[in-house]
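The values are calculated or read from the model by the stated rules, or taken from the named source; none is laboratory data. All values reported here derive from a predicted model rather than from experimental measurement. Cβ placement follows ideal geometry from the backbone for every residue including glycine, while neighbour counts extend to all protein chains displayed. Surface areas here come from the heavy atoms of the whole protein model, side chains and all, with no ligands, DNA or RNA. Shrake-Rupley method; radii C 1.70, N 1.55, O 1.52, S 1.80 Å.
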Amino acid sequence: MYFLWPQFLWLLLATPLLVLLYIWLMRRKKKTALRFASLSIVREAMGTGQTIRRHIPPALFLLALLAMLVSAARPMAVITLPSTQQTIILAMDVSGSMRATDVQPSRIVAAQNAAKSFLAELPRHVKVGIVAFAGSAQVAQLPTINREDLVTAIDRFQLQRATATGNAIVISLATLFPDAGIDLLSFQSGRERQRGLSLDSERKEQKEFKPVAPGSYTSAAIIMLTDGQRTTGVDPLEAAKLAADRGVRVYTVGIGTVDGETIGFEGWSMRVRLDEETLKAIAQKTNAEYFYAGTANDLKKVYEALSSRLTVEKKETEISGLLALVSAALALLSAGLSLLWFNRIL
């Protein structure tokens, strides 16, 4: 915690003076009080509880003053607030290996069910878009708050061959920034590279922009789920750099076999291996997180965790208003107790 106007904290030095003033006033009251025949009779009548009560309202009022002075210094602190993210893109792997049944009832069905549960947990105002990818990537549903349309898009998935994780990130970014000139073809053609141009030069040709800090764009995020390694398309780390330059976090979720396994179905077989190293690198480059889901239950828990991360965020903000509210509450409590116990305010 730090303070925008720390000079106001010097006023806290007046606290001991207020305590001394209160003690002086109490002693003065004793001197001007009526004399009784026996002091023990007065003490017996008041009791210990009554003696303690008389000091509680002033103590609460003093705390109210302290909270007000600290509030005047405009304190800044990191607190958890409702997220300002308005759009989430679900990039989901629909490659043929998602037919595998090592995750019951199958990888694709488990992924679909977990995604639907994720949608149900999100606040209704959050827009969600869906990108499906295999050998290519395409937008299955543009960002919308209509959960029924999103569920329908998830149910329409058609499995295909190959895995283009980089394409999924690029298409997701193009969906989030439709006016940014993000063009997948310029990443795939390679013609500019043959003329000696770098990937950075290609981006400048698309549209000039100033890179921002990774993870600093809080209005959108990408969640990418895959069960294999990239076999075609854009380099996923180059695509992650594009996302990082725009401050967009790419959360990655790995499902299925980590060590590698040969999966056969419909008369053909394929070797699949979860490329955790690349998925972790994508998440790290974009200041996000990587999750591994080995079972359907794990996958559901992953989406629950992502839901909680994306609906709240830790943010540095001024809390002077909160302290002012505490000060007002303490002052009202002090006055209320004084009226209740002594029929007067302090």
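Look through the range 306-342, keep the residues that are part of a helix (DSSP H, G or I) and of a type in the set (Val, Ile, Thr), and return whichever of them is surrounded by the fewest Cβ atoms within 10 Å (Cβ to Cβ). Lay out the reasoning, then the answer.
Kept after step one, since they are part of a helix (DSSP H, G or I), are these residues of the range 306-342: 306-311, 320-342.
Still in the list and also of a type in the set (Val, Ile, Thr): 311, 326.
Numbers: Thr311: 14, Val326: 18.
Per the criteria, the residue is Thr311.
Which condition breaks for Thr257 when tested against (1) at pLDDT 85 or above; (2) in contact with a Lys or Arg (Cβ under 8 Å, 6 or more places away or on another chain); (3) of a type in the set (Ser, Thr, Tyr); (4) within 30 Å of Arg107 (Cβ to Cβ)?
Here Thr257 clears every test but (1).
Before we move on, is Thr87 at pLDDT below 90 and open to solvent by 10 Å² or more (accessible area, probe 1.4 Å)?
Judged against the criteria, Thr87 is not a match.
Among the candidates Ala100, Ala132, Ala120, Ala110, which residue alone is touching a Phe, Trp or Tyr at 6+ places or on another chain (Cβ under 9 Å), among the small types (Gly, Ala, Ser) and at pLDDT below 95?
Values: Ala132 fails: at pLDDT below 95; Ala120 fails: touching a Phe, Trp or Tyr at 6+ places or on another chain (Cβ under 9 Å); Ala110 fails: touching a Phe, Trp or Tyr at 6+ places or on another chain (Cβ under 9 Å).
Matching residue, one of Ala100, Ala132, Ala120, Ala110: Ala100.
Looking at the range 201-228, which of its residues are of a type in the set (Phe, Trp, Tyr) and either at pLDDT 85 or above or surrounded by 21 or more Cβ atoms within 10 Å (Cβ to Cβ) (or both)? Spell out the reasoning first.
Our first condition is that a residue be of a type in the set (Phe, Trp, Tyr); within the range 201-228, this holds for 209, 217.
Listed by number, the list holds a single entry, Tyr217.
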